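Scroll down for the structure; my scribbles are underneath it.
Every number here is computed from the coordinates shown, using simple stated rules; none is lab data. Just so it is clear, the structure is predicted and the values come from calculations on it, not from any experiment. Cβ placement follows ideal geometry from the backbone for every residue including glycine, while neighbour counts extend to all protein chains displayed.
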Ligand code: XBP
Ligand code: MG
């Protein structure tokens, strides 16, 4: 029985960075204003809409509930397409002027994986351009050298909670689900990973701070702290005070032992 980790698969929005609250929502509202629409997504409304994966899909949901949206499906599609493109432009501008920080503990865990030859992948349903602008801001032009596989929204037919994004990542890495661990922040992300038996840990993000997560091997407040995790982490003197690869391997081994 082997349960060692060969790769970590990262979600982007909410997991690598608080992009939803501080980036996408703000950019959507700017796009509405640019188009002269009296629409505005509050924090609360955006939190509800996050149940729908994909920015364009989210716009279509909004339109299906508004009286001042185009009545015809074709016109809605066209508007969603244009608004989404504008939102992505605004998102890129926003991050160019004020880069969004990576969440605590992310960069250190990435470095640790690279030092230990644990491969890294991105499994996200965000658009490639949005992911690139975020990661370029942190790791520079060669950001992608850290990742052996990058699967984005454009690469799949169906977004999370459909597992397609993970299936593609596994195929590209030539590994089986038990070889990897996914890191997610949303119920849809966890459901997508679990649908193909990938063990998943959850770092709670702003919008999913109180969500229920079924089937995760560990759930906690963030990679930058050892407190508040379930299963608990030892907080020994001399430890670095963040979640380390060994902790993730420990959770994976625990889950693996339960399965066998
Ligand atoms: C991310 C999404 C995306 C982003 C916005 O989900 O659902 O739609 O909210 O990006 P995950 P786009 O974190 O599970 O990858 O506007 O590019 O869709
Ligand atoms: Mg996410």
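Structure summary
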| read-out | value |
| --- | --- |
| Contour excess over end-to-end distance, with Cα ends at residue 143 and residue 259 and 0.36 nm allotted per residue | 38.2 nm |
| Contour excess over end-to-end distance, with Cα ends at residue 115 and residue 97 and 0.36 nm allotted per residue | 3.3 nm |
| 13, 34, 247 arranged by Cβ crowding within 10 Å, fewest neighbours leading | 34, 247, 13 |
| Virtual spin-label span in nm between residue 195 and residue 37, 7 Å along Cα→Cβ | 2.6 |
| Residues 67, 258 arranged by fewest to most Cβ contacts within 10 Å | 67, 258 |
| Tilt relative to the chain, helix 106-115 - C-alpha long axis, 0 to 90 degrees, to 10 | 50 |
| Relative contact order of the chain, pairs being alpha-carbon contacts under 8 Å that are 6 or more residues apart, as % | 23 |
| Residue 89 paired with residue 52, simple spin-label distance in nm, labels 7 Å along Cα-to-beta-carbon | 2.3 |
| GNM result for the chain, Cα springs below 10 Å: residue of 146, 90, 174 fluctuating most strongly | 174 |
| Residue order, fewest to most beta carbons within 10 Å, for 194, 66, 242 | 66, 242, 194 |
| Principal-axis tilt of helix 128-139 within the chain, Cα atoms, nearest 10 degrees | 50 |
